[in-house]
1. Looking only at the range 86-94, decide whether some residue is within 11 Å of ligand 2 (Cβ to nearest atom), within 23 Å of Glu128 (Cα to Cα) and surrounded by 10 or more Cβ atoms within 10 Å (Cβ to Cβ).
2. Do we find that Val11 is away from ligand 1 (no atom under 11 Å from the Cβ), more than 18 Å from the chain's Cα centre (by Cα), under 23 Å from Glu120 (Cα atoms) and not in a loop (DSSP other than H, G, I, E, B) in this structure?
3. Collect the residues in the range 65-85 that are within 12 Å of ligand 1 (Cβ to nearest atom) and either under 11 Å from Gly118 (Cα atoms) or modelled with pLDDT of 95 or more (or both), keeping them in residue-number order.
4. Check Pro31 against each of (1) away from ligand 1 (no atom under 14 Å from the Cβ); (2) surrounded by 12 or more Cβ atoms within 10 Å (Cβ to Cβ) and name the one condition it does not meet.
5. Inspect the range 59-78 for any residue being surrounded by fewer than 13 Cβ atoms within 10 Å (Cβ to Cβ) and closer than 23 Å to Ser101 by Cα and give the result as yes or no.
6. Can you work out which of the residues in the range 102-132 that are of a type in the set (Ser, Thr, Tyr) and surrounded by 11 or more Cβ atoms within 10 Å (Cβ to Cβ) is nearest to ligand 2 (Cβ to nearest atom)?
7. How many of the residues making up the range 33-74 are in contact with a Ser or Thr (Cβ under 9 Å, 6 or more places away or on another chain) and within 10 Å of ligand 2 (Cβ to nearest atom)?
Amino acid sequence: MAIGVLFGDLVKALFTKPATQNYPFTKTIAPERLRGKLVYDPEKCVGCMLCMKDCPSNAIELLTVDKINKKFVMRYHPDRCVFCAQCVQLCRFNCLNMSNSLWEMASTTKEAFEVYYGREEDIAFLLERAAQPGINEPPCE
Ligand code: SF4
Ligand code: SF4
C-alpha cells in the first residue's frame, strides 16, 4: 500500500465515529430470541428429570427436596451449557426458559458458574444438608 493512501486512511479514521461499541458502558438491547442464561420455575416442575437426562453437556442437575410434594432445586452450570435450548423445548411444563437479558456471564470466581434455582427455603435446606459432615452432595436422582 502506498504511504499516501495509508496516511489518508489514518487521517480519515481520526475524524470518523468508531464502528465498535464502548462496551460495557454502552449496550444495545439484546435480540428477543437471544439464548442467554437458563432460568427455571420451580412452581411448575414435576421432577420428571427429562431436562437433566437430555442435556448434552451435563449442565443441569435436578436435586430432590421432597418428591411427593414436588419440591426440587435445579443446579445449573452456565460454564458447561452450550445454549442449545434442548431442555427448554422438551419440558412439557414450561419450567425452563433462556433469558435474553441475562447474557453477561463472565466472572473471575467459580461460584458464578454454579447457580441454584428453586424456592429459597429448599435451596437453604439442600445447602445446609450438603454442609453436614459425611454428606457431600444433596440427593440427586
Ligand atoms: S423437564 Fe421440566 S418438569 Fe421435567 S424436571 Fe425438567 S424442568 Fe422439571
Ligand atoms: S441449553 Fe442445552 S446445554 Fe444448556 S442446559 Fe439446556 S440442554 Fe443443557
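The values are calculated or read from the model by the stated rules, or taken from the named source; none is laboratory data. Note that the structure is a prediction, hence the values are computed from the model and not measured. Quick reminder, even Gly has a Cβ in these numbers, built from the backbone with ideal geometry, and neighbours come from all protein chains shown.
1. So the first thing to find is which residues in the range 86-94 are within 11 Å of ligand 2 (Cβ to nearest atom), and the list is 86-91.
Narrowing further to those that are within 23 Å of Glu128 (Cα to Cα): none.
Looking through the range 86-94, none of the residues is within 11 Å of ligand 2 (Cβ to nearest atom), within 23 Å of Glu128 (Cα to Cα) and surrounded by 10 or more Cβ atoms within 10 Å (Cβ to Cβ).
2. Details: away from ligand 1 (no atom under 11 Å from the Cβ): yes; more than 18 Å from the chain's Cα centre (by Cα): yes; under 23 Å from Glu120 (Cα atoms): no; not in a loop (DSSP other than H, G, I, E, B): yes.
Against the criterion (away from ligand 1 (no atom under 11 Å from the Cβ), more than 18 Å from the chain's Cα centre (by Cα), under 23 Å from Glu120 (Cα atoms) and not in a loop (DSSP other than H, G, I, E, B)), Val11 does not qualify.
3. Taking the range 65-85 and keeping what is within 12 Å of ligand 1 (Cβ to nearest atom), we get 67, 70-74, 76.
Of everything in the range 65-85, those that are within 12 Å of ligand 1 (Cβ to nearest atom) and either under 11 Å from Gly118 (Cα atoms) or modelled with pLDDT of 95 or more (or both) turn out to be Lys71, Phe72, Val73, Met74, Tyr76.
4. Condition not satisfied by Pro31: (2).
5. First, pick out the residues of the range 59-78 that are surrounded by fewer than 13 Cβ atoms within 10 Å (Cβ to Cβ): 66-69.
Within this subset, residues satisfying the condition of being closer than 23 Å to Ser101 by Cα are none.
The answer is no; no qualifying residue exists.
6. Pass one, the range 102-132, residues of a type in the set (Ser, Thr, Tyr): 107-109, 116-117.
Next cut, surrounded by 11 or more Cβ atoms within 10 Å (Cβ to Cβ) only: 107, 116-117.
Working: Ser107: 17, Tyr116: 14, Tyr117: 12 Å.
My answer is Tyr117.
7. Of all residues in the range 33-74, those in contact with a Ser or Thr (Cβ under 9 Å, 6 or more places away or on another chain) come to 34-39, 47, 71-73.
With the extra rule that they be within 10 Å of ligand 2 (Cβ to nearest atom), the set shrinks to 35, 37-38.
So the answer is 3.
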